[in-house]
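Structure first, commentary second.
The values are calculated or read from the model by the stated rules, or taken from the named source; none is laboratory data. All values reported here derive from a predicted model rather than from experimental measurement. Backbone-built Cβ (ideal geometry, glycine too); neighbour counts: all protein chains shown.
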Amino acid sequence: MIGIDVLDRTELDRLLSRRWFLDHIYAPEELAYAQNLGPERRREFLAGRFAAKEAVLKSLGTGMLRGIAPRDIRIGRAGSGAPEVELRGSAECAMKVRTSITHKANVVAAVAISQREETMTTASLRVRIGGEEGHYGGGLVDGARVLKLFGDVLTEITVRTDGDEGLLSEYTEVKFHAPVRPGDFIEARGSVVRETRLRRVVELTAHKVIAARPDKAETAAEVLAEPELVCTATATTVVPREGS
């Protein structure tokens with residue numbers, strides 16, 4: 001189902017100065033991110049998120065003030081930089097929603113497309129990187145550690161889809177976006193994007209959700225308001241078949 005919303009940013013100017021409106025419409029992570037922006041960029045960001053939430057609600061077959069709190073629709077950012085929808089609390093349902101936002105002068109437009117979650121097999125895991133894994137200068141962790149997490153995600157996916165651990169065939173388009181250090185918490189996710197009789201093609205992302213802060217104190221750490229993209233990749237796994 002498709003939802004579309006168009007608005008003039010000036011329509012929100014008065015409302016964006018009211019705390020009750022911000023708390024009702026926006027997820028805590030969205031507000032935390034907006035606080036670090038300049039006035040004009042903040043206005044643009046919040047208007048874009050508002051339009052996207054309206055479009056998402058329409059794609060789910062409802063609208064504002066009809067049982068779903070807009071703050072439970074979090075519009076984050078995917079590894080590609082595109083908006084990414086997370087449905088929580090009152091918005092949680094068996095749907096996968098994708099959205100796009102565009103700006104021109106004071107006009108903001110958003111489109112959302114929803115589909116049933118069951119059509120996509122996904123898996124995720126979250127781990128804390130141990131002190132013994134910092135092998136390089138500055139305590140950096142080698143990229144192979146993240147790829148190992150991806151391997152575990154792939155294994156869970158093929159167990160879910162085929163009742164077999166499968167065999168990793170290849171990684172393509174592997175990109176490392178940010179360093180990983182001991183004490184960081186890394187969340188790895190995978191989604192099946194294409195299937196054949198024997199192969200499953202999976203898009204993978206890894207984000208840092210908690211960062212160690214040894215510069216502040218030996219055991220200090222910080223929950224990141226906006227998870228930091230660490231690595232992206234596409235993997236192909238093969239599921240053995242009898243006689244194949």
Filtering region 64-108 for residues that are without any contact (Cβ under 8 Å) to a residue 12 or more places away in the chain, in contact with a helix residue (DSSP H, G or I) (Cβ under 8 Å, 6 or more places away or on another chain) and either within 26 Å of E187 (Cα to Cα) or of a type in the set (S, T, Y) (or both) leaves a count of 0
Practice item. Check region 216-227 and report whether any residue there is at pLDDT below 95, charged (D, E, K, R) and part of a strand (DSSP E or B). Key: yes
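Yes/no matrix, rows are residues, columns are (1) aliphatic (A, V, I, L, M); (2) surrounded by fewer than 14 Cβ atoms within 10 Å (Cβ to Cβ):
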{"site": "E156", "(1), (2)": "no, no"}
{"site": "E165", "(1), (2)": "no, no"}
{"site": "K175", "(1), (2)": "no, yes"}
{"site": "F185", "(1), (2)": "no, no"}
{"site": "R200", "(1), (2)": "no, no"}
{"site": "A221", "(1), (2)": "yes, no"}
{"site": "V230", "(1), (2)": "yes, no"}
{"site": "A233", "(1), (2)": "yes, no"}
- Message: It is to be established whether one or more residues within region 59-82 are of a type in the set (K, R), touching a strand residue (DSSP E or B) at 6+ places or on another chain (Cβ under 8 Å) and more than 27 Å from V230 (Cβ to Cβ).
- Response: no
Filtering region 5-55 down to residues that are surrounded by 14 or more Cβ atoms within 10 Å (Cβ to Cβ) and assigned to a strand (DSSP E or B) yields D5, L7
Contact list, first residue from region 174-203 and aliphatic (A, V, I, L, M) and at pLDDT below 90, second anywhere and part of a loop (DSSP other than H, G, I, E, B) and surrounded by 15 or more Cβ atoms within 10 Å (Cβ to Cβ), beta-carbon distance below 7 Å, six or more apart or interchain, is V192/T121; L198/V239
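Residues checked against (1) closer than 21 Å to A112 by Cα; (2) in contact with a Pro (Cβ under 7 Å, 6 or more places away or on another chain):
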position	(1), (2)
D8	yes, no
R14	no, no
I25	yes, yes
E30	yes, no
G48	yes, no
L57	yes, no
A82	yes, no
E92	yes, no
